1. Please determine whether any residue of the stretch 340-350 is assigned to a strand (DSSP E or B), more than 24 Å from residue 276 (Cβ to Cβ) and of a type outside the set (S, T, N, Q).
2. For residue 319, are the conditions met, namely being of a type in the set (S, T, N, Q) and within 17 Å of residue 90 (Cβ to Cβ)?
3. Just for the stretch 151-175: of the residues that are surrounded by fewer than 21 Cβ atoms within 10 Å (Cβ to Cβ) and in contact with an Asp or Glu (Cβ under 6 Å, 6 or more places away or on another chain), which one is modelled with the lowest pLDDT?
4. Taking the stretch 230-254 on its own, how many of its residues are surrounded by fewer than 18 Cβ atoms within 10 Å (Cβ to Cβ) and among the hydroxyl-bearing types (Ser, Thr, Tyr)?
5. Could you tell me which of the residues 375, 411 is in contact with a strand residue (DSSP E or B) (Cβ under 9 Å, 6 or more places away or on another chain), surrounded by fewer than 22 Cβ atoms within 10 Å (Cβ to Cβ), modelled with pLDDT of 95 or more and not hydrophobic (A, V, I, L, M, F, W, C)?
6. Does residue 168 fit the bill of being assigned to a strand (DSSP E or B), touching a His at 6+ places or on another chain (Cβ under 9 Å) and of a type in the set (Asp, Glu)?
7. Between a first residue in the stretch 317-333 that is among the aliphatic types (A, V, I, L, M) and a second residue that is modelled with pLDDT under 80 and outside any strand (DSSP E or B), which pairs have beta carbons less than 6 Å apart while being 6 or more apart in sequence or on different chains?
8. For residues that are over 30 Å from residue 143 (Cβ atoms) and basic (Lys, Arg), scanning just the stretch 77-106, find the one that is nearest to the chain's Cα centre (by Cα).
Amino acid sequence: MLHELPTEIALYIASYLTLQSLRNVSLVSRKWHCIITDNIQAVYRNAAILHRFVLYADLQADSSGQTSDTKKIDWWQLCQRRSQIERGWRGKAPFIARELNSTGKFVHRIKVDQKEKIVMTTRHTGGLSVTDYNTDRVLWATPHVVDYAHCEYDHGYIIFNSQDNSKEVWRYARDFQDSEIPDDFKPDDSMVEASRHAAQRHASPTSRGHFRPWALLHMPESTRAFRFSYPTLLSAGANNAYLWDVPTSCLVETITNIQAPNPDGILGSITYVEVNDQYAFFCGSNQLRIFARGGGALVYHLCMKDLQRISWDVLPDHSVDPCPSSFFQAQRLHEAYHVSSTSRSNFVAAHVSSSGKDLAVLTASGIFIWIPGFERLFHREVMLDDIATLLNFNASRDNVRDISVYLALGESNEKAAIATRKGLFIVSLDPEISKLTAEAPPRPGLSVCQVAKYDHSRYLSFISCLQMTDTGIFFNWYPSSEQNKASQPARRMMVIPPPPQHGDLQVPIQLVPSPQPQPQHTNQDEAPVQAVPTFGAEGQGGYLPGLEPIESSDDEVGEDAVPDPPSPINVEEAGPPPLAEMHEEDEECEIDGGNIMVEEDADDSEIEDVEDEMDDDFQFGGDGIMQVIVNDWFLPINSSTVHYIHV
């Protein structure tokens, strides 16, 4: 008899009903159907708050006149759309996969602005481009950005590393006037000139997707990694970290001695950093450390040995029939106990949720750690085993290998995207949102889907960036024309770059095998530096004799520092550098001075075949890999474009 209550009370009761319950009660009761229909906007506004589609604080600000963003919302349509999106993430609704060709090949880093519907990319070969991801059209671009640039983006600011250890800050052109640029750390002449050329080349009455220089931040010392979470830029050196307020271009805090030893050792080589308004997070080869801002106190650290031995193995679930038009396939979570391993795996990434309350961590060996309410650990209110959930993406942990590639956390939808050498996975982190599908997951309360059709282990290994928005994921992948090529065995390749512009400096050119792919997840501000493995038995890797693993030279700057490598050629302007493959059974062609040489008795068709093979293998390396060692740097040059999977 609830329908006989006054309308205000009935609506109050309905505000605690999920979308599925609202649908059910409307189907079984004509009077409740009338109440909901007559008050449809109020009912679904409350449902949107219940499911956190909007924040109640935003609605309060709206009612006080501070903003008008929520005044014209059709709440019923919003809830319907959000329900469709949630079902899509769980493999129960169609998803669409697209390739963005306008981003060009050799994509290195990706950033996305869903509000502006633009994707920003840097390339191995240098340059920054901004693309409309709906129309696949370049809106703005500049070659000013260095090779292998890491970039960060938030609130209209894009930040990338410069040659001299500075950080260039550019800002969305429509958001400011030149008179607003802070007096400290103003852009230099090269930035201003690059901005002028880019504006002329991509003239637009709206300046959509255009950026202009805001600041050139000079780091106090050589830094290894950086992360921007508006308004703070965290840039970490070997033992100190620097926090900048980007809108004002001010260095606001320095956290010193981040490597200070504790009973479990030191932090180790930094692999990733994260920051919010309260804490700075550092992923190292030995520990994950969390420092409090406003003093720099170490409030928590985590070691691999601290991880609980009970985890949830992520396994294929063949009992579920996926939606035919979905790219996502549900996975089964199997609770398992794993004997403590002596693996030297490290922490490769950590992301704090938009609420600042939860923490997601990924280890190199494929363990995803979800810690809701992580601040409770600082005060010993709970133990890690009490609140953390561990998902294991490498079930065969008896032979632990580093399989993790990249971790991305959704901005506000309680989702995580994880790339490993075994697949792309989507993790739904909030059990409450599961009520949208009326299928709340069993223990541990999380659900996992694998992205189908993107399961080529070698291609997965060379994902260098993965980004997640509210409605999709963006990542770099080999061009679709090559996706269906049969995988070929690893082959030896030689890349001869053009003569370097370094005076009398001799650039060593080495013949290197196609390596076992290395994890690409990092926010380090230099070109990737890795040891070059060789192949023994299938699936096993070793190291070239006499070649030691190469560490970044950031913390050893001096007269003996390794010079920067010459830039790979921008293939969009000059074409690929000469490349030839030497087959044991076919040695007709040679390399001479960077040019391909064919024996005189070879006919025209053989010459064309060699040239075609050369082009193909530059772009895809036969098995999708190409690399060159220059000045002791291992530079992977992988042809890849941006792929976008969205609901």
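The values are calculated or read from the model by the stated rules, or taken from the named source; none is laboratory data. All of these numbers come straight from a predicted model, not from anything done at the bench. Here the Cβ is made from the backbone with ideal geometry for all residues, glycine too, and neighbour counts use every protein chain on show.
1. Checking the stretch 340-350: not a single residue is assigned to a strand (DSSP E or B), more than 24 Å from residue 276 (Cβ to Cβ) and of a type outside the set (S, T, N, Q).
2. When the stated conditions are applied, residue 319 passes them.
3. Looking at the filtered set, the residue picked out is 162.
4. Here the count works out to 3.
5. When all the criteria are applied, what remains is 375.
6. yes
7. Final answer for the pair search is 330/320.
8. Filtering the stretch 77-106 for residues that are over 30 Å from residue 143 (Cβ atoms) and basic (Lys, Arg), the one nearest to the chain's Cα centre (by Cα) comes out as 90.
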